[in-house]
Each structure stands twice: as C-alpha cells, then as structure tokens.
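Only one structure is covered here, and it is reproduced in the block below.
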Amino acid sequence: MVGVTGISMISRRQALGGAAALGLAGLSAPSWAHGGDVQAREIRSGFDAVSGEDIDLTIARGTRRVGRRQGSAVAVNGSVPGPLVRLKQGQTVRLNVTNTLDEDSSIHWHGLLVPFQYDGVPGVSFPGIAPGETFRYEFPVRQAGTYWWHSHSGLQEQTGHYGPIIIEPDDPDPVEADRDYVLLLSEFTPHHPHRLMAKLKKGEGYFNYQQRSWTDDYPLTAEERRMWAKMRMMPTDILDVTGAEYTYLANGHGPADGLEYAFRPGERVRLRLINGSAMTFFNVRIPGLVMTVVAADGQNVRPVEVDELQIGVAETYDVIVEPRGAAAYTIAAESMDRSGMAVASLVSAPGARADVPALRSPPLLTMADMGMNHGSAHGMEHGASQGMNHGASQGMNHGAAQGMDHGAMGHGAMAGDATDHTAMDHPAMDHGGGSHAAMGHSDQAPASASMNGMDMRDTDLLPDTVKVGPGIDMVSMNPVDRMGDPGIGLATVPHRTLNYRMLRALARNPVRPPTREMEIHLTGNMERYMWSFDGQKFAAVSDSPIRFAHDERVRVKLVNDTMMAHPIHLHGHFFELVNGADAADQPLKHTVIVQPGGSATFDLTANEPGDWAFHCHLLYHMHAGMFQVVSVAFPQGEGA
C-alpha cells in the first residue's frame, strides 16, 4: 500500500484538475464492463460496524448475488452496503480510504459538516483517489444524527459503493428508544450502470413496463390521449428505472432474504430510514403500526405520527414504532411507481412473519404534475394537519385503473436480459389496488384539462436566467408551492401520510431574514434524457459557480419545470425549509424533494466556506448534467 496522503487546503483550480473523475460528461466504462475479467471475490450482503478515531476502509470490486441474479459490484470492506460508520459528536475522526479499483474512486460523507477539501467530490473539492492510493479524510465531528456515505465518482454508487453513518450526540439524546436499528434502502441490478444510462438515452421510458397497455386500461378521453401524445409522455412515467430492472434491497438484502429486526412487545424501537438508492423513491409503511417521525436528515423534529411516508433519494428519517399486539410486522418499502418493494420484518421470535402487503395499483401523473394547477399555494393542502393529504387539487387523483395485470409486466425480465426476479416474489401479491370510493375519490385517470391555448413548451414563461434550448421540453405553467404534497401516489391513500409542512424543528433556530432571493429552475428534456439547472448542464457552467458571500442569508426558490420529482442536495450545509412554520421552527434539511411542476423554497445561511456540489440526487440525472457548484467565500483574511 502506498503512503497515506491528505490535503490541508486545495484551490478550486487544483480540484478541477481532476474534473474527469466527476463523471458528469462522457466518462467511459472501465474495461471490466466490456466483458473483461471480474475478480472472483464474493461480496456479502449486510454490513459490520466500524468506530473509533482511526477507521480503515477499502474499496474493491467483486461478484454480487441477490436471489438468482448476479453481477459485478463495488464494495467497501467486502460488503454491500459498506460498514456502518459509528461516530461520536465532538470527536475527531481519521478515515483512511484505500482504492484497489482500476479507476479513481471517492467517498462523500452525505450530510456531514466537514471542511470542503474532505467533502469527497472529485473535480470540485479534491482530485479523487487514484488506483492503488490511500486518502485520509480527517475532520472534527460537529453534529449528531443519521447520515450515510457514498461514492461521488462516475456511477459507482449504483454498483454498491455506499453505507450508513450514525453519530451519537454528546448531550443526552432527546429520542428515547429501547432498540435502535438502521434500515438502508437501495437497489440491485446485475448490469453495469453505463448500460442503463445508454438505454435511458435511447428511450427515457425504456424501463417503464407499466406503459404497455395504458391506452386500454386507463379510461382517458380523446383529448387527454392527444395531450399525453403531444408531450410524448405516459401518465405512468413515474420513475426512470423500475422494478423491471431493479431488485429492491433492505440493508443489502432482497425481499426473499428474510431480514429481521427483533423486538419485545411494548418496546420503543427506533428505525433509522436511509434512502441510499440511485434512482428510487420509496413509500414506507408498517401495516398495523403507527410511525412517529422524530428526525429528518439527521436533525431532530417535533414528533409527528403518520401511517406512511415517502422518502426521496438521499433523505433520511428516524421513526419510532411500538410493536405490541402481534408476533411480527412487515416493513414494506414500496417503490413510488409500485413496481416492486424492499421487505423486512419486525419479529418477536426468529422466523415469525406477517403478511406482505400486495403492490398497489400504479399511480398516474396529474395536471398538477404538469405545472397546470390553478389553485393557490395554500389551497393545495387539504387536511395536511390531519395527515389526510388529498393532493394538489380536488379530483386530481393518483390512483390507477383496477385490474392491471402486473404478472405480465411488473417483474419480468427484459428482452435479451437474463434477468430473474424470483427473489422479488412477494406472497399473495395480486396487485389489485384498494378502492378509494369511500373517500370520494375514483381510481380512474387524472381529471381532464383543456389544452386549448396552452403550450407546455412556452419558454416565454421562463425568467432571463434560464437558457432556452434543446435541453428544455417542458415549462411549468403555474408552479405553485407543493411542499404540502405527500408525494406522487400518496394523495388519495386512506391514512395519514407525511409532508414537509408537518415538520417543525425540535430546537428553535436563530432568526435572521434573508438579504436576497434567487430562483433556480430544474429543467430537462425527458425524451432526449437531458437534465440541467436553468437550462444548462454542468459541462456548460463548470467555470461559473453559484456564488455566496460568507455568512450571507439567501432565500432560494427551486422551480421544477419537469414532470419528475427531483431530490435536490446541497453539500456542506443545512438549509431551513420555508414550509409555513415560524422562522425559528423551520426544519433543517440537506435534501429537498421538488415535486413535478411545482416549487420548493429554503433559507440558506452560507457559513461553510469553500466549493460545494449542488445537484439532483437521482444518479443518472446528475450524470446527465443536473449539477452545479456552489462557491462560498472565505471570511475576510482567509482563503483557499
């Protein structure tokens, strides 16, 4: 092993010398992806824990098996996920990361407040870790909570290069629990991620098997059919990569593996939910149990009781459950498009099981998802405080038609791929959706809206800051605040769901009004699979970062001009969601979901100097160009 290297300070120009490692434009697949030899090393599912002041992590390639599917993967310390990094608030940690791959690699400490040169983004904050080298990350641990780590090199994150982080507080933990578990959700594909990216570039609906018979199964009017055809989209186009390709994982285990969490009746069990996936939003519920949300993105919030929550890519939620009346409970993490799920069990005795709920009918995109909602921002939330979220407007229903045959399409292998989804065989999954008639909702397609006089590509609606070109195929006509939306598919479920407007910080924040405002548009061309901020992909703006003065207070409004939900992550900072709470009670987060055709707003105090990544955390969107650099000035007299 070569000597350990580190950096005490690095300039942006030096970091950009490693820009090729960022993998955002034209990174070629490594030789093994084209049929070369793959190491015989078997990668195990699940993870160990590492802790202390000095921690050694080794990145290596091996063979990964999930059910009957097998492929090459990147693991850290021999497992997927990699080890749980357990730290203590107030300590200093040295993490020695050795790269044994034949390509550059890296680790980003997602959500951790670290000096920017240890943030782990090649081409932005450091050059990356070259093959055969060891890099030392050294920083004080300034916070507590639930976080995770992952590669920021190319598409390695998709192949298994990620793991959880738990940081114990230096003060007594306000969350009291008898047991404490991590549930890290992710996906497995036996195929190289560059292959998936190539398929998405050829046809962004390639993995959407739920589109095949929508003209027959969904009772759309002729006008609605013309509308969808004009946009070259399907109302079932919810996720770019689906259960047709992915096996969904809980702590690296497939649905048939039987992952268990032990409990004794009456105990308070803390589940630390981490969405470490590359492309999947999950809807998490535990039939028969109430979940009390106590933390979001590692930061404590006032307890909120819900029956289901949607967790976007890169988000974390801590929930408390109190199982007592049954021997076992199923933890069901259903993909947002309802094409598959990750499964685990809470058990009072080894081997005990509860029924696994059937996959529900696929949701449909609505007029609100097109940015055509004509209600006010506050008129969108029907009963948010009661948890009965009825969507952006009445009648805009996300339910799909009954009787859809998922057996023919949901988990089957794609033509030409030796894909076996028997590991995803969920008991008693008839895939029939429950009726919402009792709630006054139908399970039919979205309400009709006339397209007369409406141009979904009316770029005159965009501000001058957005560059108009082939990278934009849709403009949101009325992008209202959708932070009270529980997420695609959850607007009409007959139970309590979480939304951002329900969150309040447990400890009050300092109050300081913003001194300026900025608006950033999330843009894309879905047909060409082009993604960007303000109409420009990162390759066009890499030398023009978003600049903030040190300690500047800025209100940032994100406007989603696309019909997909985007998890937007800012490195190195927490921001406060402008969610209707008093300024001192606004919850802190590092990742925010911006709903389709809508907007989300946060207040940022730019008090962490250096260059930071700012991007969509859907891996293939970031890879396609939805990425920027935020540059925060150093205090006067200091600098890089």
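For every residue, the table says whether it meets (1) in contact with a Cys (Cβ under 8 Å, 6 or more places away or on another chain); (2) surrounded by fewer than 22 Cβ atoms within 10 Å (Cβ to Cβ); (3) touching a residue at least 12 places away in the same chain (Cβ under 8 Å).
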position: Lys557; (1), (2), (3): no, yes, yes
position: Val594; (1), (2), (3): no, no, yes
position: Asp603; (1), (2), (3): no, yes, yes
position: Met622; (1), (2), (3): yes, no, yes
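Among the strands (runs of 3 or more DSSP E) confined to the range 198-283, the ones with at least 2 residues that are more than 23 Å from Met622 (Cβ to Cβ) and either modelled with pLDDT of 95 or more or over 18 Å from the mean Cα position of the chain (by Cα) (or both) are located at 260-262, 269-275.
Considering Arg512, Arg553, Arg508, the condition of being surrounded by fewer than 16 Cβ atoms within 10 Å (Cβ to Cβ), touching a Ser or Thr at 6+ places or on another chain (Cβ under 9 Å) and under 23 Å from Leu113 (Cβ atoms) is satisfied by Arg512 alone.
Consider the range 63-81 and keep the residues that are assigned to a strand (DSSP E or B) and of a type in the set (D, E, K, R). The one that is surrounded by the fewest Cβ atoms within 10 Å (Cβ to Cβ) is Arg65. Filtering the range 98-109 to residues that are crowded, with 19+ Cβ neighbours inside 10 Å and farther than 28 Å from Tyr248 by Cβ leaves Thr98, Asn99, Asp104. Based on this model, can you work out whether Thr523 counts as modelled with pLDDT of 50 or more and assigned to a strand (DSSP E or B)? Considered against the rule, which asks whether it is modelled with pLDDT of 50 or more and assigned to a strand (DSSP E or B), Thr523 comes out as yes. Restrict the check to the range 35-46 and report whether at least one residue is touching an Asp or Glu at 6+ places or on another chain (Cβ under 7 Å), at pLDDT 95 or above and among the aliphatic types (A, V, I, L, M). No, every residue in the range 35-46 fails to be touching an Asp or Glu at 6+ places or on another chain (Cβ under 7 Å), at pLDDT 95 or above and among the aliphatic types (A, V, I, L, M). Here the range 127-177 is the region considered, the condition is being hydroxyl-bearing (Ser, Thr, Tyr) and buried (at least 22 other Cβ atoms within 10 Å of the Cβ), and the residue that is farthest from Gly111 (Cα to Cα) is Thr159.
Residues being more than 30 Å from Ala540 (Cα to Cα), assigned to a loop (DSSP other than H, G, I, E, B) and of a type outside the set (D, E, K, R): count how many of those fall in the range 467-515. The number of residues fulfilling the criteria is 21. Tyr181 meets all of the listed conditions (1) modelled with pLDDT of 95 or more; (2) assigned by TED's automatic domain parsing to the domain that holds Ala60; (3) under 23 Å from the mean Cα position of the chain (by Cα) but one, namely (2).
Number of residues in the range 312-343 that are surrounded by 24 or more Cβ atoms within 10 Å (Cβ to Cβ) and basic (Lys, Arg): the value is 1. For the range 151-159, the condition holds for no residue, the condition being that it is among the aliphatic types (A, V, I, L, M) and either closer than 21 Å to Phe574 by Cβ or in a strand (DSSP E or B) (or both). Within this structure, Phe575 passes the test of being free of Cβ contacts under 8 Å to residues at least 40 places away in the same chain and not charged (D, E, K, R). The residues listed here are Leu364, Leu346, Leu309; of these, the one that is among the aliphatic types (A, V, I, L, M), surrounded by 20 or more Cβ atoms within 10 Å (Cβ to Cβ) and at pLDDT below 95 is Leu364. Of all residues in the range 74-87, those that are in the same structural domain as Ile55 (by TED's automatic domain parsing) have Cβ atoms under 9 Å from Cβ atoms of residues that are at pLDDT below 95 and part of a strand (DSSP E or B), 6 or more apart or on another chain, in Gly78/Glu42. Mind checking which residues of the range 462-503 are acidic (Asp, Glu) and under 15 Å from His566 (Cα atoms)? Within the range 462-503, Asp481, Asp485 meet the criteria. Does Arg302 satisfy being in a loop (DSSP other than H, G, I, E, B) and either assigned by TED's automatic domain parsing to the domain that holds Met622 or in contact with a Lys or Arg (Cβ under 6 Å, 6 or more places away or on another chain) (or both)? Against the criterion (in a loop (DSSP other than H, G, I, E, B) and either assigned by TED's automatic domain parsing to the domain that holds Met622 or in contact with a Lys or Arg (Cβ under 6 Å, 6 or more places away or on another chain) (or both)), Arg302 does not qualify.
Among the residues of the range 582-613, those that are touching a strand residue (DSSP E or B) at 6+ places or on another chain (Cβ under 8 Å), in a loop (DSSP other than H, G, I, E, B) and not polar (S, T, N, Q) comprise Pro587, His590, Pro596, Gly597, Gly598, Glu608, Pro609. Identify all residues within the range 103-143 that are within 21 Å of the chain's Cα centre (by Cα) and part of a loop (DSSP other than H, G, I, E, B); write none if there are none. Within the range 103-143, Ser106, Ile107, Gly111, Leu112, Leu113, Asp119, Gly120, Val121 qualify. When Met563 is tested against (1) farther than 18 Å from Phe614 by Cα; (2) part of a loop (DSSP other than H, G, I, E, B); (3) at pLDDT 95 or above, exactly one condition is not met: (3).
The values are calculated or read from the model by the stated rules, or taken from the named source; none is laboratory data. Everything numeric in this text was worked out from a predicted model, so none of it was measured. Cβ sites come from the backbone with ideal geometry, for glycine too, and all protein chains shown count toward neighbours.
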